[in-house]
Structures are given as C-alpha cells and as structure tokens.
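The values are calculated or read from the model by the stated rules, or taken from the named source; none is laboratory data. Please read all numbers here as calculations on a predicted model, not as lab measurements. Here the Cβ positions follow ideal geometry from the backbone for every residue, glycine too, while neighbour counts run over all protein chains shown.
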Amino acid sequence: MDHDQIEQVALHRYGVIAEAANERLSGAERGALVREIAGRSHAHPDGSERRYSRGTIDRWLRAYRSGGLEALRPSPRSDTGAVRAHPELFSEAAALRLELPSRSAAQIASILFHRHGIAVAERTIRQQLRRAGLHREALQAEPKVFGRYEAAAPNERWVTDVLVGPYVPYPRLERSVRARLFLIVDDHSRLLVDGRFFAHENARASQELLRRAIVRRGRPEVLYADNGAPFHNAWLARTCAVLGIRLVHSRPYSPEGRGKQERANRYIREAFLAEACHVGIESLDELNDRFSAWAEMVANRRLHAETNEAPIERFERGGPPRAVDPERLREAFRWSVTRKVTRTATVPLEGNSYAVDPSLVSRRVELRYDPEDMTQIDVYYEGKAAGVARAFVVRRHVHPLVPQALKPEPEATGVDYLGLVQAAHEEAAGTGQKIDFAQLAMFAGEDDAEEAR
C-alpha cells in the first residue's frame, strides 16, 4: 500500500476504536463497549463492510495508547493472496435477495456454493448487493423509528455545520462574497460553542473554527458533522485522530440526526441574520464582531425552550473543560501530504521547492507543515522523522486555502510628476528654450521635501 492508503487504514482503525478509547471509561465499561463494537460491521476504506474480533480491537487500543495514530498504521504484508470475484453469479444473488429480503449475505453465499460449487466471499456478496441498492435496510417494508438523542454531559458531543449568510464586501477580491457561518453547537447544553463567518467554504475554515472552539471550551469527545467537503477530508480526520476526538459523519440522505442543529440554524437566521441584513454590514470583520457579541449576550443566555435552562448555565454546570496540551494541539492542526523526492533531492509543494536529505532520492516521503507558515516543513519516511525540508524556492509563504491579510495602502505623497513635466514643457515652449531634465528632477525633489515638512 502507498502512504495515502496506509493513512486511510490508520484513520479507519481509529474510527473503530475511538468510542472505546475514551479515558473516562472504567475497565468494565470499556470491555462491554469493545464487545458491542465487535458485534458491529464497519465500512472499510476499500468499500467493504468488515467485522473485527475483540482481540483485534483490544490490540488496536493498546497500540493507540502507546504510540498514537502512528501505531495504527498497518505493517507491510508478506502475502498477496486475494479472493477472486465471480460476476456471473451476482444476478442470481440479487434474485435470491429479492425473493426473500431477510436472506443474509452468508446464506446467499452458502446457496451459491451448494448449487455451483463456487465459494464466493460473504463480504463480496454484501458489497455488490449494497451497490445495487438491494441491501436489507432498503428492502424492508416498515419505516424506521427514530428516538430522541441528547448527550449526557457538556463536551460529550459537538455538532458542526455551515450556514449560508448574506453578501458582504470583500476588499481582497474587490467585490462582495457570500459569507459562510461555520458553527459548533454543544449537544447537551445547546451552547453556541463558537461560530465565525468566512468568505470561503473549505477545510481550513472548519479547522480554524475547531481550534478556536477547543481553546475556548475544551476538547469534545465526539464531533458530529455532515458529509460536505469542509468536514469529510483527510486533514480534519487527522486532526481528530491526533486529539483523540471521534469524528462521526451523518449518513447520506438521513437528516434525522441533525434536528437540533437545523433548529439552531433557523434561530440564527430569524434572530441574527435578519437584523444584520436590515441594518447593513460593511465588512466580514464587522459581521463576525456582531455575531460574537450576539452569541454571548443573547443566544447563550436565553432560556432554551426544551431544556428550560440558559445554555451557558447548563454548560458550566459540568465543571471546567479539559484543556489540551499546546504542543499536541499544534501537531493536530498541521497538514500532511506525500511527495516523491526528485533526483536533485528536492520536493515540490504548492509552487515551492524544498531540499531534503539526499538519501531520500526517488522515495515517497510525508511532509507535515503548518499551512500558515510554509517555510518550516518536517519530513517523515515510513512513519519516522527524516529531518527537515529546507526552503529552496519560495513563492508562497502560506497555503492558498489560508486567507492572507491585506497589505495596508501607502500614504499619498501628493506629488504630481506628470503635472510638473507639463508645466516645464509649457514654460520652455513659451521661452523657446530646451527643457533641462536635470533641473526638473531637482524641482521634483524640492517638492517632495516640502511635502515631507
């Protein structure tokens, strides 16, 4: 497997054990939870559904405690065995499922084996039937019944979302842009943990908001998000894995689990955005300042209709939040990419070129960096530190997804150079003399000195 596949498997393994890795669980609670996880099926990055034994889950838990995310990377395999698929049998498998929707994939595999003498993996049948829309959940006659869920304590579960806001002037592009409100809500207390408007809807915006929220309110146990690009990416998955946060995505076309978030979005539209659009907003910074003040003074102090408490009071009753080590926080929000080292011992990254150790020539290495400072790059090879990448050619100091501060406009000097030239030309034309450009430059210098005084 290449580095990207290894990283996906490590993140998948963390997603399986994240719930059981909670430090607050006792031994008995963790054992019961591991048995429950072993009874579930998990979506593997290769698209298959897999189950893992208790021993495998316990081994991954021990590895994560001792070495973090790096310890969950799969080791190289010595075997290359694979199960051959038999596409000609899939139509018969589909007919068997349609005939009796309660038939399991294992039962269908057994029927095919006894009829044709060909062993087809249960996992392969389950995967193909799901792709064809013939999984048992889709064929069931009765609708699902959804219960009401609420986190038991503050910071147990955060829900994040993006709300499309009004158009605001954006000097960088010299036009107005549609502001996007990235928002995090605590599921237990309904507290607006943090929220900020951005000009772009991308992964860096979601990471920046999460970092602000963790610094202000502590670290959550679960981060619940939809499947949009700002939340379903390798960068956010790595951030949550390093911090020990369980990242959960809502199932596509199943909005039932996001009811409280949608209600909060409607409240923000009615109570804040309507007023903001009425008075007019001159800039993104002004919009963020007004939203921060409104969230702290109004939204978090109102009496919530369902809990019958103010969100800030219900949140603070849980005690002081758990702080995160600053070094671990810095590492969590760094980005990671893989590059192949060229024959000149350099690696490219976003238009820049970096020199690395010559022993890494023609090898694929991992680059970890802060997108806000691309002059410092750490190099890793096969999960181990391999020095730093020294900037060779720097065209960008920050990543393109990170908005840069606008340069201040220089103060006007008041010098009209072309006006001086025209006045000198008219004077020379009136007297019939040639223009002395050296004297003209001296006059311009005197005007500059007078303006400075």
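Quick check, is Ser91 over 19 Å from His44 (Cβ atoms), under 38 Å from the mean Cα position of the chain (by Cα) and either modelled with pLDDT under 85 or not hydroxyl-bearing (Ser, Thr, Tyr) (or both)? Against the criterion (over 19 Å from His44 (Cβ atoms), under 38 Å from the mean Cα position of the chain (by Cα) and either modelled with pLDDT under 85 or not hydroxyl-bearing (Ser, Thr, Tyr) (or both)), Ser91 does not qualify. Evaluate region 319-339: report whether one residue or more is among the aromatic types (Phe, Trp, Tyr) and outside any helix (DSSP H, G or I). Yes: region 319-339 contains one or more residues that are among the aromatic types (Phe, Trp, Tyr) and outside any helix (DSSP H, G or I). Within region 357-373, the residues that satisfy the criterion of being surrounded by 15 or more Cβ atoms within 10 Å (Cβ to Cβ) and farther than 26 Å from Thr239 by Cα are Asp357, Leu360.
For the structure I just gave you, tell me whether Ala119 is crowded, with 17+ Cβ neighbours inside 10 Å, at pLDDT 80 or above, assigned to a loop (DSSP other than H, G, I, E, B) and of a type in the set (Gly, Ala, Ser). Answer is no for this residue.
Look at (1) modelled with pLDDT of 90 or more; (2) at positive phi; (3) not polar (S, T, N, Q) and you find that Glu350 fails only one, number (1).
Taking region 94-105 as the range and being without any contact (Cβ under 8 Å) to a residue 12 or more places away in the chain and either exposed (fewer than 12 other Cβ atoms within 10 Å of the Cβ) or in contact with a Pro (Cβ under 8 Å, 6 or more places away or on another chain) (or both) as the test, the residues that pass are Ala95, Glu99, Leu100. Scanning region 179-203 for residues that are under 14 Å from the mean Cα position of the chain (by Cα) and either farther than 29 Å from Gly280 by Cβ or surrounded by 21 or more Cβ atoms within 10 Å (Cβ to Cβ) (or both) yields Phe182, Leu183, Ile184, Ala203.
Remark: pairs (first residue in region 133-162, within 30 Å of Arg211 (Cα to Cα); second residue modelled with pLDDT under 80 and of a type in the set (Phe, Trp, Tyr); Cβ separation under 9 Å; 6+ apart in sequence or on different chains) = Arg157/Tyr149.
Of the strands (runs of 3 or more DSSP E) lying entirely inside region 144-231, those containing at least 1 residues that are assigned by TED's automatic domain parsing to the domain that holds Glu270, closer than 20 Å to Ile268 by Cβ and of a type in the set (D, E, K, R) are 157-170, 175-186, 192-198. Only residues that are touching a residue at least 24 places away in the same chain (Cβ under 8 Å) and not aliphatic (A, V, I, L, M) were counted across region 321-349, and they come to 13. Condition first: surrounded by 14 or more Cβ atoms within 10 Å (Cβ to Cβ) and over 28 Å from the mean Cα position of the chain (by Cα). Can you find one or more residues in region 317-340 that meet it? There is no residue in region 317-340 that is surrounded by 14 or more Cβ atoms within 10 Å (Cβ to Cβ) and over 28 Å from the mean Cα position of the chain (by Cα). Here His232 fulfils each of the conditions (1) without any contact (Cβ under 8 Å) to a residue 24 or more places away in the chain; (2) more than 16 Å from the chain's Cα centre (by Cα) apart from (2).
Give me the residue from region 1-41 that is polar (S, T, N, Q) and in a helix (DSSP H, G or I) and, out of that set, nearest to Arg54 (Cα to Cα).
The residue in question is Gln8.
Would you check if there is a residue in region 357-370 being within 25 Å of Val185 (Cβ to Cβ), assigned to a helix (DSSP H, G or I) and over 26 Å from the mean Cα position of the chain (by Cα)? Taking every residue of region 357-370 in turn, none turns out to be within 25 Å of Val185 (Cβ to Cβ), assigned to a helix (DSSP H, G or I) and over 26 Å from the mean Cα position of the chain (by Cα).
If you go through region 6-24 one residue at a time, do you hit one that is within 27 Å of the chain's Cα centre (by Cα), among the polar types (S, T, N, Q) and under 22 Å from Ala153 (Cβ atoms)? Yes, the conditions are met somewhere in region 6-24.
From the list Ile57, Ile108, the lone residue that is surrounded by 15 or more Cβ atoms within 10 Å (Cβ to Cβ), more than 24 Å from Gln5 (Cβ to Cβ) and at pLDDT 85 or above is Ile108. The C-beta contact set for region 366-393 (first residue of a type in the set (Lys, Arg), second residue surrounded by 14 or more Cβ atoms within 10 Å (Cβ to Cβ), distance under 6 angstrom, 6+ apart or interchain) comprises Arg368/Arg334; Arg368/Ser336; Arg368/Asp378; Arg390/Ala355.
In region 124-143, the qualifying residues are those that are within 30 Å of Lys260 (Cβ to Cβ) and outside any loop (DSSP other than H, G, I, E, B), and the one that is modelled with the highest pLDDT is Arg130.
Just give me the residues in region 42-58 being assigned to a loop (DSSP other than H, G, I, E, B) and small (Gly, Ala, Ser), in sequence order.
Correct list: Gly47, Ser48, Ser53.
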